Amino acid sequence: METDPAELDPLYQRIGGTFPPLYERLLLSYRWLEVDLKLLRLFANPPGDNFAGLSEAIFADRALAEVLIPAGYVPFGRSSVNYDPMCFDLNTRAPTGDCPVIQFEHESILCDLRNGEQWQRWGSFSELMSDVVLLDS
């Protein structure tokens, strides 16, 4: 399902940046319900003319969105074993536009409205996708 890239503009305005190019291409080319990739659960990008469903998923947990997004971290999924958000680090961009994937411990955010422990899980979204593909080979 090809979607006009301009449809991402309202979401980009809300998050204050753009997604890594490979993730953007995925969003513009395919639609899906929440999916467990074994390494993480990817937020849904449900069928439709725009990205309202994805936007809802990103902002569904208000506390997480209010702490992470202003700091330059955009949730795009969750850990496959708990509620920890998996985020794009928009503060650290490669020349290609890709960025690291960071996991945040959710308790500090939900209880204290502050970032707690965080871990870089992949150096880029492309690395994450390579690991997902390798799991099934």
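Across the alpha-carbon set of segment 17-80, the Rg to Rh ratio works out to 0.95, Rh being the Kirkwood radius. If the segment from TYR83 to GLU2 were pulled out straight at 0.36 nm per residue, it would be longer than the present Cα-Cα gap by 26.1 nm.
Share of carbon and sulfur in the accessible area of segment 60-137 stands at 51%, probe radius 1.4 Å. Charged side chains reduced to their Cβ positions (Lys and Arg at +1, Asp and Glu at -1) give the chain a dipole of some 100 debye around its Cα centre. Ligands, DNA and RNA are left out, and with a 1.4 angstrom probe the accessible area of the chain is 51 Å² per residue. In the chain, one over the average inverse separation of all distinct C-alpha pairs is 15.1 Å, which is the Kirkwood hydrodynamic radius.
The values are calculated or read from the model by the stated rules, or taken from the named source; none is laboratory data. Here the structure is a predicted model, which is why all the values come from computation and not from measurement. Every residue, glycine among them, receives a Cβ derived from its backbone with ideal geometry; neighbour counts consider all protein chains shown. In case anyone asks, the SASA skips ligands and DNA or RNA and just uses the protein heavy atoms, side chains included. Shrake-Rupley method; radii C 1.70, N 1.55, O 1.52, S 1.80 Å.
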